[in-house]
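Structure, as structure tokens:
The values are calculated or read from the model by the stated rules, or taken from the named source; none is laboratory data. Predicted model, so just to flag it, every value in this text is computed and none were measured. Neighbour counts run over all protein chains shown; Cβ positions are idealised from the backbone, glycine included.
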Amino acid sequence: MNLYEQPVHILHEMRKRKDITTVDICESVLKRIEKTESQLHSFLTLRGDRIIKDAAEVDKKIQSGDPVHEIEGMPVAVKDIFSTKGITTTCGSQFLKDYVPPYESTVTQNLQNVRYNLVGKTNMDEFAMGSSTENSAFGVTRNPWNLDCVPGGSSGGSASAVAAGQALAAVGTDTGGSIRQPASFNGIVGLKPTYGRVSRWGMVAFASSFDQAGPLTRDVEDAAILLQIIAGYDKHDATSLKVEVPDYRAYLNKSVQGLKIGLIKDLDLSSCDPEVVSIFENNLAVLKDAGAEIVDISIPNIKHAVATYYVIAPCEASSNLGRYDGVRYGRRSTKKGNLIEMYEQSRDEGFGKEVKMRILIGTFALSAGYYDAYYLKAQKIQNLIRSQYYKAFQKVDAIATPVAPTPPFRIGEKTDDPLQMYLGDAFTIPANLAGIPGISVPGGFTQSSLPVGLQLLGNHLEEGKLIQIAHCFEKSLNLEKPALAI
Ligand code: GLN
């Protein structure tokens with residue numbers, strides 16, 4: 001048995017029984033990184049064998065009978081969007097290439113409080129703008145199921161690291177699907193919590209009204225463990241919700257008998273890959289066999305979700321990214337020139353193509369004369385979509401959809417066609433517009449062994465119920481995974 005392939009909760013039980021040590025686990029993960037990283041490129045920064053030293057400390061505690069947290073000493077990867085004190089945080093951008101944060105994000109601080117073992121910072125689309133990790137300023141990440149395919153994005157490095165066993169779990173962020181879609185593309189679990197459930201303090205901002213951090217893990221139980229650690233109120237984030245965090249593990253090992261799962265009848269699956277549709281139908285049958293009732297619901301404005309998001313997100317991005325001027329924030333151009341030229345040159349050299357495009361779109365949509373036609377209109381549609389979800393949740397416990405219309409696509413396949421890339425986010429974006437939680441669970445594999453996920457959406461703050469349904473689904477499906485390509 002390869003330790004790097006096991007979920008955290010199983011390894012924790014094994015080390016408690018003294019069958020293995022935390023050092024064994026970390027050595028297995030490090031060897032795996034040595035073998036695969038030159039091809040996958042999941043990481044932008046690695047802590048190397050320092051994780052062994054941390055693991056040895058935890059083993060001493062176990063030896064002396066002290067209680068240890070499940071995550072203590074366990075190798076976990078963190079998306080390079082989280083500020084980590086003293087450790088470079090690039091956000092996938094040339095602009096922040098040499099940025100070493102003087103403070104720690106709340107998410108990583110919460111992980112530190114239970115003494116997690118940081119393996120490294122993972123690759124991502126620049127400023128989290130993208131769905132394939134191809135927009136990283138530091139090269140693409142490859143999908144461990146097929147090295148010619150993308151790992152999804154923007155948390156692609158986090159997802160490939162977990163799938164390939166380069167880390168046992170990871171944290172990512174999701175603004176329009178960036179946790180759930182890479183989870184689907186890598187055959188792992190990804191959970192986007194309710195907006196406000198997890199603090200955004202210390203996360204590099206993209207679209208602040210959508211950005212939300214969450215776990216990427218090998219199974220649902222690990223997602224519950226990670227969410228428990230990172231969720232909760234934080235006075236540093238004005239949008240953080242001051243509500244109690246339930247015990248997420250209490251939702252494991254429960255049935256779905258009598259629960260209602262909504263099927264959005266307005267969702268057009270005709271443009272989906274046929275294998276995605278048949279896996280989705282099979283997944284619904286599994287939920288039904290497990291005792292859930294499938295109920296039709298309607299989100300009439302869902303067809304406008306992609307257009308709405310791709311107005312609001314660039315608007316917020318254009319404002320958030322205004323701070324990168326080469327003076328207060330970011331790398332300054334070394335070219336000679338006056339103040340204005342220095343700003344222009346720094347921004348020209350610092351930002352990649354996709355980021356520049358979004359800044360331009362956002363600035364245009366917010367400009368006088370266009371504000372009402374674009375931003376205001378988009379916000380109105382967002383409100384409609386939000387209320388349509390709330391209405392639906394009066395009838396159902398959760399909503400099921402595919403995560404993405406396709407399995408992982410080939411590297412380069414969509415880079416020249418941004419619209420195609422954006423349309424791939426059609427099933428994940430609505431949850432961000434509505435602020436509701438969503439989870440992606442492995443649903444099956446295509447004929448060519450590419451993973452496809454099932455998405456479950458829940459009502460505001462009902463992550464527990466999502467964990468319950470996803471855990472029951474995971475056990476009922478009992479998916480046999482093919483071998484990785486690496
Ligand atoms: N793919 C979407 C975008 O490019 C979502 C990204 C994200 O969730 N960070 O904006």
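Of the residues 206, 185, which is over 26 Å from residue 73 (Cα atoms), in contact with a Gly (Cβ under 6 Å, 6 or more places away or on another chain) and not hydroxyl-bearing (Ser, Thr, Tyr)? Before you say what the answer is, go through the steps one by one.
On the way: 206 fails: in contact with a Gly (Cβ under 6 Å, 6 or more places away or on another chain).
Checking each option against the conditions leaves just 185.
Can you tell me which residue within the range 334-356, out of those that are in a loop (DSSP other than H, G, I, E, B) and under 32 Å from the mean Cα position of the chain (by Cα), is farthest from residue 422 (Cα to Cα)? Give the steps one after another, and end with the answer.
The first filter runs over the range 334-356 and keeps only residues in a loop (DSSP other than H, G, I, E, B), leaving 334-338, 351-352.
Imposing the further condition that a residue be under 32 Å from the mean Cα position of the chain (by Cα) reduces the set to 351-352.
Details: 351: 20, 352: 17 Å.
Step by step, filter the range 334-356, then rank; the result is 351.
Just to be sure I understand the filter: pairs with C-beta atoms under 6 Å, separated by 6 or more residues or on different chains, first member in the range 231-258 and touching a residue at least 12 places away in the same chain (Cβ under 8 Å) and in a loop (DSSP other than H, G, I, E, B), second member of a type in the set (Asp, Glu) and surrounded by 14 or more Cβ atoms within 10 Å (Cβ to Cβ). Which pairs pass?
If the second residue must be of a type in the set (Asp, Glu) and surrounded by 14 or more Cβ atoms within 10 Å (Cβ to Cβ), the pairs left are 240/234; 252/221.
Hey, among 390, 371, which residue is free of Cβ contacts under 8 Å to residues at least 24 places away in the same chain and among the aromatic types (Phe, Trp, Tyr)? Give the steps one after another, and end with the answer.
Numbers: 390 fails: free of Cβ contacts under 8 Å to residues at least 24 places away in the same chain.
Of the residues listed, the single one that is free of Cβ contacts under 8 Å to residues at least 24 places away in the same chain and among the aromatic types (Phe, Trp, Tyr) is 371.
Which of the residues belonging to the range 115-141 are surrounded by fewer than 24 Cβ atoms within 10 Å (Cβ to Cβ) and in contact with a helix residue (DSSP H, G or I) (Cβ under 6 Å, 6 or more places away or on another chain)?
The one that is surrounded by fewer than 24 Cβ atoms within 10 Å (Cβ to Cβ) and in contact with a helix residue (DSSP H, G or I) (Cβ under 6 Å, 6 or more places away or on another chain): 137.
Report whether or not residue 214 is under 14 Å from residue 455 (Cα atoms) and assigned to a strand (DSSP E or B). Even if it seems obvious, please write down each step before you answer.
Details: under 14 Å from residue 455 (Cα atoms): no; assigned to a strand (DSSP E or B): yes.
So residue 214 does not fit the description; no.
Could you tell me whether residue 317 is in contact with a helix residue (DSSP H, G or I) (Cβ under 7 Å, 6 or more places away or on another chain) and buried (at least 20 other Cβ atoms within 10 Å of the Cβ)?
Against the criterion (in contact with a helix residue (DSSP H, G or I) (Cβ under 7 Å, 6 or more places away or on another chain) and buried (at least 20 other Cβ atoms within 10 Å of the Cβ)), residue 317 qualifies.
So that you can scan it fast, the table gives a plain yes or no per residue for (1) free of Cβ contacts under 8 Å to residues at least 60 places away in the same chain; (2) surrounded by fewer than 24 Cβ atoms within 10 Å (Cβ to Cβ); (3) over 19 Å from residue 159 (Cβ atoms):
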position	(1), (2), (3)
437	no, no, no
449	no, yes, no
454	no, no, no
460	no, yes, yes
470	no, no, no
480	yes, yes, yes
483	yes, yes, no
486	no, yes, no
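Which residue is farthest from the chain's Cα centre (by Cα), if the candidates are limited to the range 278-293 and must be surrounded by fewer than 16 Cβ atoms within 10 Å (Cβ to Cβ) and in contact (Cβ under 8 Å) with a residue 60 or more places away in the chain?
So the first thing to find is which residues in the range 278-293 are surrounded by fewer than 16 Cβ atoms within 10 Å (Cβ to Cβ), and the list is 278, 281-282, 285, 288-289, 291, 293.
Now restrict to residues that are in contact (Cβ under 8 Å) with a residue 60 or more places away in the chain: 282, 289.
Values: 282: 25, 289: 29 Å.
The extreme case among them is 289.
What single numbered condition from (1) surrounded by 19 or more Cβ atoms within 10 Å (Cβ to Cβ); (2) away from the ligand (no atom under 16 Å from the Cβ) fails to hold for residue 206?
Every condition holds for residue 206 apart from (2).
Among the residues that make up the range 51-65, is at least one of them β-branched (Val, Ile, Thr) and touching a Phe, Trp or Tyr at 6+ places or on another chain (Cβ under 8 Å)? Full working, then the answer.
Taking the range 51-65 first, the residues β-branched (Val, Ile, Thr) are 51-52, 58, 62.
Keeping just the survivors that are touching a Phe, Trp or Tyr at 6+ places or on another chain (Cβ under 8 Å) gives none.
Checked against the condition, which is being β-branched (Val, Ile, Thr) and touching a Phe, Trp or Tyr at 6+ places or on another chain (Cβ under 8 Å), the range 51-65 yields no hits at all.
May I ask you to list the residues in the range 321-373 that are among the hydrophobic types (A, V, I, L, M, F, W, C) and exposed (fewer than 13 other Cβ atoms within 10 Å of the Cβ)? Spell out the reasoning first.
To start, the set of residues in the range 321-373 that are among the hydrophobic types (A, V, I, L, M, F, W, C) comprises 321, 327, 339-340, 342, 351, 355, 357, 359-361, 364-366, 368, 373.
Listed by number, the residues that qualify are 327, 339, 340, 360, 368, 373.
Would you kindly identify the helices (runs of 4 or more DSSP H) lying entirely within the range 1-82 that contain at least 2 residues that are under 22 Å from the mean Cα position of the chain (by Cα), modelled with pLDDT of 95 or more and not aliphatic (A, V, I, L, M)? Don't jump to the end; show me each part of the working.
On the way: elements: 8-16, 22-40, 50-63.
Helices (runs of 4 or more DSSP H) meeting the threshold: 22-40.
Which residue pairs have Cβ atoms closer than 8 Å, lie 6 or more positions apart in sequence or on different chains, and pair a first residue in the range 128-149 that is free of Cβ contacts under 8 Å to residues at least 12 places away in the same chain and under 14 Å from residue 161 (Cα atoms) with a second residue that is charged (D, E, K, R) and surrounded by fewer than 24 Cβ atoms within 10 Å (Cβ to Cβ)?
No pair meets every condition.
Within the range 154-190, restricting attention to residues that are among the hydroxyl-bearing types (Ser, Thr, Tyr) and away from the ligand (no atom under 11 Å from the Cβ), which residue is nearest to residue 141 (Cα to Cα)? First the steps, then the outcome.
First, the residues of the range 154-190 that are among the hydroxyl-bearing types (Ser, Thr, Tyr): 154-155, 158, 160, 173, 175, 178, 184.
Next, from what is left, pick out any that are away from the ligand (no atom under 11 Å from the Cβ): 158, 160, 184.
Values: 158: 10, 160: 8, 184: 15 Å.
Restricting to residues being among the hydroxyl-bearing types (Ser, Thr, Tyr) and away from the ligand (no atom under 11 Å from the Cβ), the top hit is 160.
Just one of 193, 151 is crowded, with 24+ Cβ neighbours inside 10 Å, within 16 Å of the ligand (Cβ to nearest atom) and within 19 Å of residue 422 (Cα to Cα); which is it? Outline the logic, then answer.
On the way: 193 fails: within 19 Å of residue 422 (Cα to Cα).
Only one candidate qualifies: 151.
Could you please find all residues in the range 99-145 being within 13 Å of the ligand (Cβ to nearest atom) and of a type outside the set (Gly, Ala, Ser)? Even if it seems obvious, please write down each step before you answer.
Step one: list which residues in the range 99-145 are within 13 Å of the ligand (Cβ to nearest atom), which gives 124-136.
Listed by number, the residues that qualify are 124, 125, 126, 127, 129, 133, 134, 135.
Considering only residues that are modelled with pLDDT of 95 or more and not in a helix (DSSP H, G or I), which ones fall in the range 271-292? Lay out the reasoning, then the answer.
If we filter the range 271-292 for residues that are modelled with pLDDT of 95 or more, which is where we start, we get 272-292.
Within the range 271-292, 272, 273, 290, 291, 292 qualify.
Return yes or no: is residue 386 within 16 Å of the ligand (Cβ to nearest atom), basic (Lys, Arg) and either part of a helix (DSSP H, G or I) or closer than 30 Å to residue 256 by Cα (or both)? Steps first, answer last, please.
Values: within 16 Å of the ligand (Cβ to nearest atom): no; basic (Lys, Arg): yes; either part of a helix (DSSP H, G or I) or closer than 30 Å to residue 256 by Cα (or both): yes.
Answer is no for this residue.
Would it be correct to say that residue 268 is among the acidic types (Asp, Glu), assigned to a loop (DSSP other than H, G, I, E, B) and more than 30 Å from residue 80 (Cβ to Cβ)?
Taking the combined requirement at face value, the residue satisfies it.
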